[in-house]
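The values are calculated or read from the model by the stated rules, or taken from the named source; none is laboratory data. Predicted model, so just to flag it, every value in this text is computed and none were measured. Virtual Cβ from ideal backbone geometry, glycine too; neighbours counted across all protein chains shown.
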Amino acid sequence: MSEPIRILIADDHPIFRHGLRQIIERDNQLLVVDEAEDGETALQKIEACDVDVAVLDIDMPGRGGFDIVRAIRDRRLKVAVVFLTMHKDERFLNSALDLEVKGYVLKDSALAEIVRCIRAVASGHEFVSSQLTPFLLNRSRRAAQLAARKPQLSDLTEIELRVLRLVAEYLSSKEIADRLCLSVRTIEHHRARISQKLDLEGHNALLKFAIEHQSDL
């Protein structure tokens, strides 16, 4: 028998945590090793415990889910992250996927989907609530349309695409570096490589391109 998948649940609503834990532990291959009611405690417990999957509410007191993911990346912690949220918002989903969050589950469907999600992300796959499938299709469609209009975009790496999306938000290189947990020098290198691949010249050419195509990124 294989080792159980070790899980941490972080949510500031104890009743929801309790119900979620009961659902998860009906599967004898899933083990909830700890819980947290706020983001800072969740991060401390992820570091202290041998956790395979962290199930995080996006909105928590102190540090929210996005902030925790950035800290996990910065500290190079080997844990797959599942976001729990009430937000049926395409921007939240895209931001989560840009940060390489592996699972994204709506709270109103969590009881039906959380076990499948945890098993999927623990196996290295991605899982998004079925209600959000149209957003995934939009994301794929925009990427295909953008690549068709500007074929060399297909040459950009995933990190270069993420930098380009953040450039479109008027973020400076330092702000992008903080967001992606990278050095400013690395971001400047990525910006130069993107401009080279897209045949962009001039100080503001990259920003102008990113803004013009923001809805497609």
Restricting region 180-216 to residues that are in a loop (DSSP other than H, G, I, E, B) and either touching a residue at least 24 places away in the same chain (Cβ under 8 Å) or aromatic (F, W, Y) (or both), which is farthest from I72 (Cα to Cα)?
D199
Please find, among S95, S154, the residue that is in the same structural domain as T186 (by TED's automatic domain parsing), closer than 28 Å to I194 by Cα and assigned to a helix (DSSP H, G or I).
S154
Taking region 197-217 as the region of interest, how many residues are modelled with pLDDT of 85 or more, within 18 Å of R162 (Cβ to Cβ) and among the small types (G, A, S)?
1
Subset of region 68-95, residues over 22 Å from R6 (Cα atoms) and within 11 Å of the chain's Cα centre (by Cα), comes to F92, L93, N94, S95
Counting only residues that are free of Cβ contacts under 8 Å to residues at least 12 places away in the same chain and of a type in the set (S, T, N, Q), which one in region 1-47 is nearest to R63 (Cα to Cα)?
Q44
Per the list (1) at pLDDT below 85; (2) in contact with a strand residue (DSSP E or B) (Cβ under 8 Å, 6 or more places away or on another chain), residue check on E113 breaks on (1)
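Go through S140, S123, S154, S130 for me and flag whichever is at pLDDT 90 or above, out of contact with any Ser or Thr (no Cβ under 6 Å at 6 or more places or on another chain) and exposed (fewer than 15 other Cβ atoms within 10 Å of the Cβ).
S123
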Of those in region 172-193 that are among the hydrophobic types (A, V, I, L, M, F, W, C) and under 22 Å from D67 (Cβ atoms), the residue nearest to the chain's Cα centre (by Cα) is L180
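For every residue, the table says whether it meets (1) assigned to a helix (DSSP H, G or I); (2) at pLDDT 95 or above; (3) of a type in the set (V, I, T); (4) buried (at least 17 other Cβ atoms within 10 Å of the Cβ).
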site	(1), (2), (3), (4)
L8	no, yes, no, yes
G19	yes, no, no, no
N28	no, no, no, no
D50	no, no, no, no
Go through (1) more than 28 Å from D74 (Cα to Cα); (2) in contact (Cβ under 8 Å) with a residue 60 or more places away in the chain and name the single condition K107 misses.
(1)
Only one of R17, R70, R26 that is of a type in the set (K, R), outside the structural domain of E169 (by TED's automatic domain parsing) and under 30 Å from R139 (Cα atoms)
R70
